[in-house]
1. How large is log10 of I(q)/I(0) for the range 4-93 at q = 0.22 Å⁻¹ when the intensity is taken from the Debye formula with one equal scatterer per alpha-carbon?
2. Only sites in a loop by DSSP and with at most 11 other Cβ atoms within 10 Å count here; which GluC sites (Glu not before Pro) in the chain make the cut?
3. Within the chain, which is the longest segment containing none of the chymotrypsin sites (Phe, Trp or Tyr not before Pro) that sit in a DSSP loop and have at most 16 other Cβ atoms within 10 Å?
4. So how long is each side of the range 20-69 along the principal axes, counting just the alpha-carbon atoms, biggest first, in Å?
5. If you take the charge dipole of the range 4-93 about its Cα centre, with +1 on Lys and Arg Cβ and -1 on Asp and Glu Cβ, which of Gly86, Ser18, Ala8 is farthest toward its positive end?
6. Work out how much length Ser31 to Ile65 would gain on full extension: take 0.36 nm times their residue separation and subtract the Cα-Cα distance, in nm to one decimal.
7. Give the angle, between 0 and 90 degrees and rounded to the nearest 10, that separates the Cα long axis of helix 76-85 from the longest principal axis of the Cα atoms of the chain.
8. Only loop residues by DSSP count here, and only those with at most 12 other Cβ atoms within 10 Å; note down the trypsin sites (Lys or Arg not before Pro) in the range 1-70 that meet that.
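A short reminder: the numbers here are calculations on the coordinates, not readings from a lab. Just so we're clear, the structure is a prediction, and the values are computed from it rather than from any experiment. Here the Cβ is made from the backbone with ideal geometry for all residues, glycine too, and neighbour counts use every protein chain on show.
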Amino acid sequence: MTHPFVLAEIACGSLKKSETLSYLHALPALSIVTIDEVLFFIESQELFSKGIGFVYVQLLASVLISDDVSLWTTDNRLDAIAIELGISYPALNS
């Protein structure tokens with residue numbers, strides 16, 4: 001799975017092959033969480049001053065509301081929060 005915001009971030013980067021974006025776009029996508037839900041999530045989980053931005057918070061919230069989904073990331077800060085929330089991909093933490 002992917003998230004529309006992650007796909008957009010990749011699209012802004014340096015893709016060597018244009019078809020890469022279409023392959024990623026063909027993957028099932030997580031839902032986008034509303035701004036109000038993101039703000040509530042930040043407050044309820046005390047995610048302020050954790051060194052992550054809006055896209056990461058959006059990604060965390062989207063994973064949390066999805067069934068049977070874990071977050072796979074190599075970003076240490078994002079992964080630390082995902083571990084705290086119980087949504088980090090297990091293979092990376094073993």
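1. -1.19
2. Values: sites: Glu9, Glu19, Glu37, Glu43, Glu46, Glu84; in loops: Glu46.
When the GluC sites (Glu not before Pro) of the chain are filtered for loop state and at most 11 Cβ neighbours within 10 Å, Glu46 remain.
3. Maximal segment without exposed cleavage sites: 1-47.
4. 35, 23, 18
5. Ser18
6. Values: separation 34, 0.36 × 34 = 12.24 nm, distance 0.83 nm.
The span from Ser31 to Ile65 would gain 11.4 nm if fully extended.
7. Compared with the principal axis, the helix lies near 50 degrees.
8. Hits after loop and neighbour filter: Lys16, Lys17.
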